[in-house]
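Participant: Before I ask anything, let me first share the structure, which is written out below as structure tokens.
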Amino acid sequence: DKRIKSKRGTEADKEKQLGLIKATTSYDDLKGCELIIEAVFEDRNIKADVTKKAEAQIAADAIFASNTSTLPISGLAEASSRPANFIGLHFFSPVDKMPLVEIIRGKQTSDETLA
């Protein structure tokens, strides 16, 4: 809305961008996704459970990103059946004032996943 007010964007631009994002609690909705961003509570066991359930639905080459700021990515990737495709994402806040995201590589994250 700030971009619209400052004439740097339109309502149509906003709707187009938001249309690219789908928040879901259904693992079935993950089929066909190329990038999954998990954003659950900062608990290793919960994140491990979500990782396993999500990976059961996504393609072998899909990227799984954990939104975390406190848990080591290499440790979280231990729950993954494909740690080469596992990365961390940390969105700085407040998001509207700090449009910055940190990409965290794990010990086994591939160069292709990072790119």
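Quick note: the coordinates plus some simple rules give every number you see, no bench work behind them. The structure displayed is predicted, hence computed values, not measured ones. Here the Cβ positions follow ideal geometry from the backbone for every residue, glycine too, while neighbour counts run over all protein chains shown.
Participant: Yes or no: Ile73 closer than 17 Å to Lys107 by Cα, touching a helix residue (DSSP H, G or I) at 6+ places or on another chain (Cβ under 8 Å) and aliphatic (A, V, I, L, M)?
Facilitator: So Ile73 does not fit the description; no.
Participant: Could you please let me know if Val95 is without any contact (Cβ under 8 Å) to a residue 12 or more places away in the chain and within 22 Å of Ala23 (Cβ to Cβ)?
Facilitator: Yes.
Participant: Now a separate question. Count, please, the residues in the stretch 59-108 that happen to be exposed (fewer than 14 other Cβ atoms within 10 Å of the Cβ), among the charged types (D, E, K, R) and not in a loop (DSSP other than H, G, I, E, B).
Facilitator: 1
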